[in-house]
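The values are calculated or read from the model by the stated rules, or taken from the named source; none is laboratory data. From a predicted model like this one, the values you see are computed outputs, not experimental measurements. Positions of Cβ are generated from backbone atoms using ideal geometry, with glycine treated the same way; all protein chains shown enter the neighbour counts. What goes into the accessible areas is simple: the full protein's heavy atoms, side chains included, and nothing from ligands, DNA or RNA. Shrake-Rupley method; radii C 1.70, N 1.55, O 1.52, S 1.80 Å.
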Amino acid sequence: MGLMLQFLSQRRHDHHRPMTLSRYLLLIVSTTFVFKSLASFSSHPNTGRHGLTLDFFTKANELFLPAYGTEQMAPLLHSLIRFHRPEHVVELGFGYTTPFIARGLADNVVNVNNERNNPNNAQRNGGVLHQGWYDDRPSYKPMLHVIDDQSQRDSASGTFANKVEKVLDDLELSKLVRIHNSMGHSEAHVLFEPDSLGLVWNDAQWDPAFLRKWWPLLEKDGGLLLLHNVIGNGELSRWCVASPRLVMDELFPNERYEFITLMEPHKAYQGSVAMLRRMDPANAPDKYMFLWGGKENVRRVPNVMVALDRSGNVPNGAVRKGQKIRKSSSSSSSSSSSSSSSSSSSSVKLKRRKSGGRKKKNRKKEDKKKKKKKKKKKKNKNKNKKKKRRHATKVMNWEDEVEQEEEEEEEEEEEEKEQQEEQQQEEL
């Protein structure tokens, strides 16, 4: 940049002098340096590379077709790839979005290598990165698998497929892309193993058979499925191809997933995307700062650093739901000895409480048994009395017999009610 400014300042003062070969070389070198420095602005100095440059857009524009409506979807896919960092991606139906996905994977490779190997990386020094993610991936080698049998366009000549390959070559992204043009999405699922795909972008048709085959291929913990053109706006009312959520509930009733539909309200067609994120219950959070929507029996932590397991007082900071947050104790010898003595005394108290509680329960059970025996004895006595009365009163009026029977029925009903009440109390 300084060389170019020096050249321009000299040229302003002695503009009457002719341009020599050395001056031409100086101008070329300075301009190339300026363009390289401008291109470097596509890489954020703290967070890494971002390859959506002006040169990228001009080359990718050769694949843009307005009828497919992916002018906003393509940059969104690039951002999702950068955000989610999948290693294995599948695109069903190539086109304008293909180089954006490949560019996101290429940018991820640069960033992962920098975060892993650069000791001056700003995010690593800031404590933002999760080391476990890097340990699980000793080598990050992403790949985009494109499935398109070219049944919708240029099936005979294959000119569009050649155009896609040319754009990928011009952008130096061909190494990250494998195009499978001999099969459609109804049969391409056999190429992949279950729980192996980080993201699947379906820009073709989908149906229950597609979900049945492709959903198990997504990673259990966070695999993303994107369906294009699911819903749109008609002239009189809104239309929808089908409900992915209802289909998922029918096909996989025990699956946990998140679902959202994004719409472009100014479009009638090709202006929506449904996003499903697969969830693994085994990896559900068990630590919460605030229990807004939190589960029961989870650890409650006082701050984020304790939740990150980077604090030295994790046992003291983590408490159960319903308990107050305890302050972290100092790491002195006196505090450790007092805590050990208090813990031993508290354990003795707990044992005493448990033993006393068991004795009370046993006493209650014995009392209930005694009461039942007494009631049975009374019932037997009453029955014997009734029999004696019937035999003793040989000569009785018909009305007296009816009254006696009614009284006996009332007594039996009262006894049955008492038995039912006792059973309910025992169940409680």
Query raised in the report: Residue by residue through region 284-291, which ³J(HN,Hα) values in whole Hz follow from phi under the Karplus form 6.51 cos²θ - 1.76 cosθ + 1.60 (θ = phi - 60°), with glycine and proline marked x?
Result: 5, x, 10, 10, 9, 7, 10, 8
Query raised in the report: Which aspartates and glutamates have a Cα less than 13 Å from the Cα of Lys379, not counting those fewer than 8 places away in the same chain?
Result: Glu408, Glu411, Glu412, Glu413, Glu414, Glu415, Glu416, Glu418
Report task. Taking H placed 1.01 Å from N in the peptide plane, check which residues at least 5 places from Tyr288 or on another chain put their amide H under 5 Å from its amide H. Result -> Arg299, Arg300, Val301
Query raised in the report: Using a probe of 1.4 angstrom, how much of the accessible area of region 50-117 is carbon and sulfur, in percent?
Result: 60
Report summary line: To the nearest 0.05, the calculated FRET efficiency linking Asn162 and Ala284 through their beta-carbon distance, R0 being 51 Å, is 0.60
Requested in this report: Please say if region 104-180 is rounded, prolate or oblate, where rounded means a/c under 1.5 for a ≥ b ≥ c the square roots of the C-alpha gyration tensor eigenvalues, and otherwise the choice is prolate for a/b larger than b/c and oblate otherwise?
Outcome: prolate
Query raised in the report: Ordered by residue, what ³J(HN,Hα) values in Hz, to whole numbers, does region 163-174 give under the Karplus form 6.51 cos²θ - 1.76 cosθ + 1.60, where θ = phi - 60° and Gly and Pro are x?
Result: 5, 4, 5, 5, 5, 5, 5, 5, 8, 6, 10, 5
**Report entry** Lys369 versus Ser243: modelled label distance in nm, points set 7 Å from Cα along the beta carbon direction
**Finding:** 5.7
Query raised in the report: Tell me which aspartates and glutamates have Cα within less than 17 Å of Lys220's Cα, excluding those fewer than 8 residues away on the same chain?
Result: Glu87, Asp136, Glu193, Asp195, Asp249, Glu255, Glu258, Asp280
Report summary line: With a 31 Å threshold on alpha-carbon distance, the violating pairs from Lys175/Lys213; Lys295/Lys368; Lys141/Lys163; Lys295/Lys365; Lys287/Lys364; Lys59/Lys267 are Lys295/Lys368; Lys295/Lys365; Lys287/Lys364
Query raised in the report: How large is ³J(HN,Hα) for each residue in region 94-102, as worked out from phi by the Karplus curve 6.51 cos²θ - 1.76 cosθ + 1.60 (θ = phi - 60°), to whole Hz, x for Gly and Pro?
Result: 7, x, 4, 6, 4, x, 5, 5, 5
